[in-house]
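One structure is given here, and the rest of the page talks about it.
The values are calculated or read from the model by the stated rules, or taken from the named source; none is laboratory data. Computed from a prediction, not measured in an experiment: that's the story for all the values here. Cβ sites come from the backbone with ideal geometry, for glycine too, and all protein chains shown count toward neighbours.
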Amino acid sequence: MPRQDKPKPEPEQEEQERRGPLEIALVGDLTDNEADLTDRLLGIEPGGECTIYFDSPGGSPYCAMSLVSLLRLRGIRATGIVTGECSSAALWPFATCTRRIVTPYSVFLFHPMKWQSEEHIGITEAAEWSRHFAELEREMDVLLGELFGGATELIAQWIRTHRYVTAAEMVKAGLAEMAAMRPLPELMPVETG
């Protein structure tokens, strides 16, 4: 059988391989950045890798679920690194990451979901929203425990008590790994030659 040479990678592909996985900054309110975050995730080929840096107080639970869906359905292997805050709805995309890294200064806020309407709505619609939101909250709390892959009861307790959680507590619970404040070798450019 004749030997087939591997096709030579395109210059852009070679450059990307030297730089490492695509990096995405998830900073600020998820809802305000949803279009850009979605576009960036769609730019990663299915089964590809990326690094997501988190510094977010959260945002819409629907936006969070959309990002989780994109990561899971496309099989994206993401490394999540919390550089500041990762709270509320931002917890779901972070929990979806296949590797989760925190620094000694990372902070997390777990709390029950909140909803608000700035529109004038009738009592029937408000009652339906309330029913829907209670169901969604239960389902998302269960999913958060599944995404983190453990500590379900501890996470449920943190949510019920509106708990600010430290990086050390996340590591102790087995939900993340601690990184010192120095370069991570796997994020450094690959030397060629």
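So, of the residues in the stretch 65-118 that are surrounded by 22 or more Cβ atoms within 10 Å (Cβ to Cβ) and among the aromatic types (Phe, Trp, Tyr), which turns out to be farthest from Ile24 (Cα to Cα)? Step by step, filter the stretch 65-118, then rank; the result is Phe108. One residue stands out in the stretch 142-153 among those that are touching a residue at least 24 places away in the same chain (Cβ under 8 Å) and surrounded by 14 or more Cβ atoms within 10 Å (Cβ to Cβ): the one that is nearest to Arg100 (Cα to Cα), namely Phe148. Would you check if there is a residue in the stretch 157-180 being on the phi < 0 side of the Ramachandran plot, exposed (fewer than 11 other Cβ atoms within 10 Å of the Cβ), part of a loop (DSSP other than H, G, I, E, B) and over 14 Å from the mean Cα position of the chain (by Cα)? Among the residues of the stretch 157-180, at least one is on the phi < 0 side of the Ramachandran plot, exposed (fewer than 11 other Cβ atoms within 10 Å of the Cβ), part of a loop (DSSP other than H, G, I, E, B) and over 14 Å from the mean Cα position of the chain (by Cα), which makes the answer yes. One residue stands out among those in the stretch 181-193 that are assigned to a helix (DSSP H, G or I) and not charged (D, E, K, R): the one that is modelled with the lowest pLDDT, which is Leu187. Of Glu146, Glu153, Glu137, all but one fail to be under 23 Å from Ile81 (Cα atoms) and of a type in the set (D, E, K, R); the exception is Glu146.
Take Gly47 and tell me if it is surrounded by fewer than 18 Cβ atoms within 10 Å (Cβ to Cβ), closer than 19 Å to Arg99 by Cβ, at pLDDT below 95 and not basic (Lys, Arg). Criteria not met by Gly47. So Gly28 fits all but one of (1) closer than 21 Å to Leu147 by Cβ; (2) modelled with pLDDT of 95 or more; (3) surrounded by 12 or more Cβ atoms within 10 Å (Cβ to Cβ); what number is the exception? Gly28 satisfies every listed condition except (1).
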